[in-house]
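Read the figures in this text as sums done on the coordinates, not as results from a lab. Since the structure is predicted, the reported quantities are computational estimates derived from the model, not experimental observations. Cβ atoms come from the backbone with ideal geometry, glycine included; neighbour counts cover every protein chain shown.
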Amino acid sequence: MRKVFIAGNWKMNMTHLETMKFLEEFGFKFGNKNKCDIAVCPPFTALRSAMTVINDDNLEIKLGAQNMYFETKGAFTGEISPDMLKALNVEYVILGHSERRQYFNETDKLINKKVKAVFENKLKPILCIGETIDIRESGREKEFVIGQLTDCLDSVDREDIVNITIAYEPIWAIGTGKTATSEDANNMCSAIRAKIAELYSSDVANAVRIQYGGSVKPSNISELMNMPDIDGALVGGASLKADDFLAIINY
Ligand code: PEP
């Protein structure tokens, strides 16, 4: 039985002060009675403040980072190491988000190194994969997404893989207001699970959580969550408003 996992990707939004205000309001309304795993992924500069509020208010919310470098330390100006994240109680790391692929030229090869570094450091990746509109319209979306999955998981150990979350995020649905139909989203999540079964085993595939991401909001979350292979959501825009994020969690 897979536990539902809802994560908020705040992207380049929220100062540390706004983060504290958000979490205080959210924590007050949320009441720690959730039945699913919840994570927020603020910018690096707000992680310390988020950790303080989560600890002080005893919130059942996990912290995630939006990226991480694969080296442990050294001359990598502007990068953030696994130890830096662990020191802030970070548990999850989003990797391979389409915005990192598009604006920062991240490739499957680099993302694969990061996935392995995340596991070596006992953190948990949220690996994002998804196709562009052109690829979907050409009918090659499964081949493309499964290719990304296979390359990003290259030589990742069987013991580690159960701790991965895959976020299927069709790029044409991110921040656009367009959501994949729940059937299309579930079809892709089923194909991802089938590939994990082929690469590892069906036990592993049944344990791995697969999120859908792309314009998830209070009005479409229930339908998506009714699908058998969708185990949660990676939420961008709607995770920036405490009430919307709460409504999604309480779907
Ligand atoms: C995301 O950035 O991962 C995302 C899914 O964004 P949005 O919910 O805003 O489409």
Check your understanding: How long is the gain from Thr77 to Asp151 if the chain were fully straight, where each residue apart is worth 0.36 nm and the alpha carbon distance is subtracted?
Key -> 24.0 nm
Review point. Fully extended, how many nm does the chain gain between Leu199 and Thr107 (0.36 nm per residue separation, minus their Cα-Cα distance)?
Key: 31.1 nm
**Study point:** Residue exposure sequence - Asp157, Asp231 - by fewest surrounding Cβ within 10 Å
**Key:** Asp157, Asp231
Study note, to complete from the structure: Output row, site Glu25, 7 Å Cα→C-beta label point, backbone N cut-off 19 Å, window segment 177-219, residues 217-219
Check your understanding: From the square roots a ≥ b ≥ c of the eigenvalues of the alpha-carbon gyration tensor of segment 46-169, which class results: rounded (a/c under 1.5), prolate (a/b over b/c), or oblate?
Key -> prolate
Review point. Taking Cα centroids, how far is segment 155-179 from segment 4-25 in Å?
Key: 20
Check your understanding: How long is the chain along each principal axis, judged by its Cα atoms, biggest number first, in Å?
Key -> 46, 46, 34
Check your understanding: For Glu18 and Asp57, what is the calculated FRET efficiency with R₀ set at 22 Å and r taken between the beta-carbons, to the nearest 0.05?
Key -> 0.85
Check your understanding: In square nanometres, what is one fourth of the surface area of the convex hull spanned by the alpha carbons of segment 136-251?
Key -> 7.3
